[in-house]
Amino acid sequence: MSKKILIVEDEQEFFFFYEMMLEDTDYTIVHALDGKQALEMIETEKPDLIILDLLLDKLPGDEFLKQLKSSPPHKDIPVIVASSFSPHSNKTIFEIDPDVSYLEKPFTQERLMEVIKRKIE
């Protein structure tokens with residue numbers, strides 16, 4: 001059965017970037033434009049993994065992560081944060097979820113696949 005990945009990204013070109021990188025995989029991809037929409041989609045889509053941008057409208061990524069990890073039915077969904085900022089500038093996300101993986105944009109397809117496989121397979 002195919003694993004489902006929810007990509008929370010408000011910039012269309014980055015979403016296309018993810019689609020291109022993941023098109024030849026068995027993963028099912030769903031997309032939310034902001035943290036608020038992503039919280040709603042989690043209920044219906046039941047993703048196996050979330051790839052999260054931090055700079056989002058309506059509900060920033062760090063606030064989304066707080067809400068996700070404080071929700072008992074969803075707290076165990078693994079998260080990969082993908083950001084153009086250094087992980088050292090976003091230390092609070094590691095306080096929210098010490099198991100979060102961090103990808104600094106830009107990254108390669110190989111690196112993305114390596115992190116995804118480590119998180120959900």
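Some points to look at:
- When restricted to residues that are at pLDDT 90 or above and over 18 Å from Glu19 (Cβ atoms), segment 74-98 contains 7.
- Residue in segment 5-24 that is nearest to Ser71 (Cα to Cα), counting only those that are surrounded by fewer than 16 Cβ atoms within 10 Å (Cβ to Cβ) and within 14 Å of the chain's Cα centre (by Cα): Glu11
- Close pairs (8 angstrom Cβ cut-off, 6 or more residues apart or separate chains): within 14 Å of Leu52 (Cα to Cα) in segment 103-121, open to solvent by 50 Å² or more (accessible area, probe 1.4 Å) and of a type in the set (Lys, Arg) anywhere: Leu103/Arg111
- Matching residues in segment 106-119 - criterion: being part of a helix (DSSP H, G or I) and either among the small types (Gly, Ala, Ser) or open to solvent by 20 Å² or more (accessible area, probe 1.4 Å) (or both): Gln109, Glu110, Arg111, Met113, Glu114, Lys117, Arg118, Lys119
- Residues of segment 25-66 classified as assigned to a helix (DSSP H, G or I), open to solvent by 30 Å² or more (accessible area, probe 1.4 Å) and either touching a Gly at 6+ places or on another chain (Cβ under 8 Å) or aromatic (Phe, Trp, Tyr) (or both), total: 1
- Of all residues making up segment 1-24, the number that are within 23 Å of Phe94 (Cβ to Cβ) and assigned to a helix (DSSP H, G or I): 2
The values are calculated or read from the model by the stated rules, or taken from the named source; none is laboratory data. Being a predicted model, the structure only gives us computed values, none of them experimental. We place every Cβ from the backbone using ideal geometry, glycine too, and count neighbours over all the protein chains shown. Only protein heavy atoms, including side chains, enter the accessible area calculation; ligands, DNA and RNA are left aside. Shrake-Rupley method; radii C 1.70, N 1.55, O 1.52, S 1.80 Å.
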